[in-house]
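Presented below is the structure to which this report refers.
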């Protein structure tokens, strides 16, 4: 068993769920608020590249190199961000 096992973490203000392509549309919507991919101090994929970024993270996860999560707003059940470890 790998030490990188996807797990869902639930808190009062957020849920961290294993990232999947099911989060794609929510994440595209989230990054469009302020065109976040244009910010100089962070790296956020532009909407057209979101699917490829999710695939990249899932590939690295399959290789045991990272875990990626979608941050879910429990009030709306929508993904609002992604995180990786």
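The values are calculated or read from the model by the stated rules, or taken from the named source; none is laboratory data. What you are looking at is a predicted structure, and each value in this text was computed from that prediction instead of being measured. Cβ sites come from the backbone with ideal geometry, for glycine too, and all protein chains shown count toward neighbours.
Filter region 38-48 down to residues that are assigned to a helix (DSSP H, G or I) and either in contact (Cβ under 8 Å) with a residue 12 or more places away in the chain or closer than 15 Å to residue 8 by Cα (or both), then give me how many there are. I'd like the intermediate steps shown before the answer.
Filtering region 38-48 for residues assigned to a helix (DSSP H, G or I) gives 38, 47-48.
Filter once more, keeping what is either in contact (Cβ under 8 Å) with a residue 12 or more places away in the chain or closer than 15 Å to residue 8 by Cα (or both): 47.
Here the count works out to 1.
Just give me the residues in region 20-30 being touching a helix residue (DSSP H, G or I) at 6+ places or on another chain (Cβ under 6 Å) and either in a loop (DSSP other than H, G, I, E, B) or crowded, with 16+ Cβ neighbours inside 10 Å (or both), in sequence order. Walk me through it before giving the result.
Quick first cut of region 20-30, residues touching a helix residue (DSSP H, G or I) at 6+ places or on another chain (Cβ under 6 Å) only: 21, 24, 27-28.
Listed by number, the residues that qualify are 24, 27, 28.
The set of residues in region 52-85 that are in a strand (DSSP E or B), closer than 14 Å to residue 9 by Cα and modelled with pLDDT under 95 comprises 68, 82, 83, 84.
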